[in-house]
1. Nearest 500 deg cm²/dmol is fine: what mean residue ellipticity at 222 nm does chain A get from its DSSP H runs of n ≥ 4 alone, each adding -39,500 (n - 2.57), divided by its residue count?
2. Of A:LYS212/B:LYS123; B:LYS40/B:LYS129; B:LYS45/B:LYS70; A:LYS172/B:LYS98, which sit over 29 Å apart, Cα to Cα?
3. In Å, what is the Rg of the alpha-carbon atoms in chain A, and how long is Dmax?
4. Among A:SER153, A:SER89, A:SER182, which one shows the highest mean-square fluctuation when chain A is modelled as a Gaussian network with alpha-carbon springs under 10 Å?
5. Rank these by accessible area, largest first, 1.4 Å probe: A:THR37, A:THR126.
Amino acid sequence: MSPAPASSFAPPKPTPVWLGWLTFAFFIFTQIYAVVTSPADAMMGHLQKMMYVHVPAAWVTFAAFGVVLVASLFFLWKDDERADLLAASAAEVGSMFCGLTLVLGMLWGRPTWGVWWSWDARLTSTLVLFLIFVGYLALRSFVEDPHRRGQWSAAVGILGAINVPIVWMSVKWWRTLHQIQSNPRGLSPEYLRGLLLNVAAFTLLTVWFIWKRYEAARLERAAEHASQAAALGGYNG
Amino acid sequence: MTSKRTKWGALAAVGILVVAFGWLIYGGLDSNVVYFLQPKELLAKGAEGYDKPVRLGGQVKPGSVVWDDKALDLRFTVTDGTGEVAVHSKGAPPQMFKDGQGVVVEGRYGRDGVFKSTSLMVKHSNEYKAPTEGERPAEMYKSLMKSTGT
Amino acid sequence: MGNEMIANGGVEYVAASYIITWVVLGVMLARVVGSVRRARSEYAQASKGEFQT
């Protein structure tokens, strides 16, 4: 096995502390702002307010799985372990938001559609997306060799991410219970503002979560490498 | 160093993935491509369409809603602009049910020409509008249920 | 289950979805911060060992 470049095993630069504070302060602001400023919808009443959590959660799910796709392709191309660790971090954060999107969707569906769940193309494909990435995380925890783990999970990550456009287009390609995407013209401006602010806040949350998970993963690898080097006689590579 | 845990775990993970993909292809893309039939499609099936579990989707024909709030009995017509199917449902409809609303009903189309619904779902549009002056969303549902009560 | 009427225009569904969102994000925050802290001390331990040998 050829020695990996030393930089792969160096401890990472810490995630900026200010980013964390900014992210959570902004998130709290946008959540309160959106709920306080939006009037009850003409059709849906206060249930419209579910938009500010369900829609951003769905958006950042797609974004996080997009990061998995890019990082996985980069890993297969350059064989840089850091890309694998980034993909894993994004997959974990994306899975969390995907699960959240499903639960919030059920909570929104019950009072508006009348049912918690229905097997339409949007709901089914979103569940499949979630299960694939749960499988991705399970696979990672069971394969011990880092190189093999990276290759297998890159393959699964790419296959999983291919589902993102399917989920996105499902409401246009097939007849579904789920409505198609809203566009800015179909939204009253007071709703659009709150929605865009919350999408921005959720995006910041996603960036910060992925960055922190990546930092932890890099530190773990650095620690493993350091203890291996120590066991081999204190050679400081 | 393939421990037992690793081997079975990897197998389980691959299993989950295979099931997920199979589901997507056969469950998701096959039966759910045609998630619901429109009235004209159900009617075009003729005798084939009777007494089979099916979903029917369309708009609630304005003026067709008859609601008995004592018996919790609901009758209305689903239309796609071309065909029309009479629907009979039990229980109060979802909050957003009203004239002209998109709906999907699950049930069977009877030989008497009435669709017996076991589940009534509202299909929401993708538009969100703040109410205009004088509209009180919470009151709208109540007034609808009153006006259509018999 | 039939479609019984939803009381109060469904505000409890709105409340539930916000609470669930905040709890999930809070748990994720704790998990993420905890994992970095653990990994950092692990690394400090390991690199200390490296210099001692």
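The values are calculated or read from the model by the stated rules, or taken from the named source; none is laboratory data. Here the structure is a predicted model, which is why all the values come from computation and not from measurement. The area values use the complete protein model at the heavy-atom level, side chains included, leaving out ligands, DNA and RNA. Shrake-Rupley method; radii C 1.70, N 1.55, O 1.52, S 1.80 Å.
1. Helix-only estimate at 222 nm: -26500 deg cm²/dmol.
2. A:LYS212/B:LYS123; B:LYS40/B:LYS129; B:LYS45/B:LYS70
3. 20.6, 73
4. Highest fluctuation of the listed residues: A:SER182.
5. Numbers: A:THR37 55, A:THR126 20 Å².
The residues order as A:THR37, A:THR126, largest area first.
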